[in-house]
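The values are calculated or read from the model by the stated rules, or taken from the named source; none is laboratory data. All values reported here derive from a predicted model rather than from experimental measurement. Here Cβ is always computed from backbone atoms with ideal geometry, including for glycine, and neighbour counts include all displayed protein chains. Areas reflect the complete protein model, heavy atoms only, side chains present, ligands, DNA and RNA absent. Shrake-Rupley method; radii C 1.70, N 1.55, O 1.52, S 1.80 Å.
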Amino acid sequence: MDPTVSRVPTELWMRIFDFIVPDHHTWSKEQSTKLLKDLSRVCSLFRAVAQPLLFQSLSVPVSLSFAIDP
């Protein structure tokens, strides 16, 4: 890793990631997730910054089906 990158405080990287990862109004959730996954593979510092953003929301698809007894 470039020594300059590691000198930037993690909190600043978090703010930068907040700006470069579009919100759900601009990009789909899948696109934002892919970008964060790609960023998390760059280096351990980026992984530490991107992972909390990846897991800040959780979507669980629920399928409700009801059996109606005659």
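Side notes on the structure shown:
- [x] 26; [y] 47; [z] 38, with the label sought being that of the calculated percent of Cα pairs over 18 Å apart: [y]
- Among the protein heavy atoms of the chain, carbon and sulfur supply 60% of the accessible surface, probe 1.4 Å, non-protein parts ignored.
- In this structure the chain gives 84 Å² per residue of accessible area when probed at 1.4 Å with all protein chains present.
- Computed over the chain with a Gaussian network model linking Cα atoms closer than 10 Å, the most mobile of Val42, Val21, Val60 is Val60.
- The chain - charge dipole about Cα centre, Lys and Arg +1 at Cβ, Asp and Glu -1, debye rounded to 20: 260 debye
- Heavy-atom SASA rank of Thr4, Thr10 (probe 1.4 Å, accessible area, largest first): Thr4, Thr10
- Once the chain from Asp38 to Leu12 is taken as fully extended at 0.36 nm per residue, the excess over their C-alpha distance is 7.5 nm.
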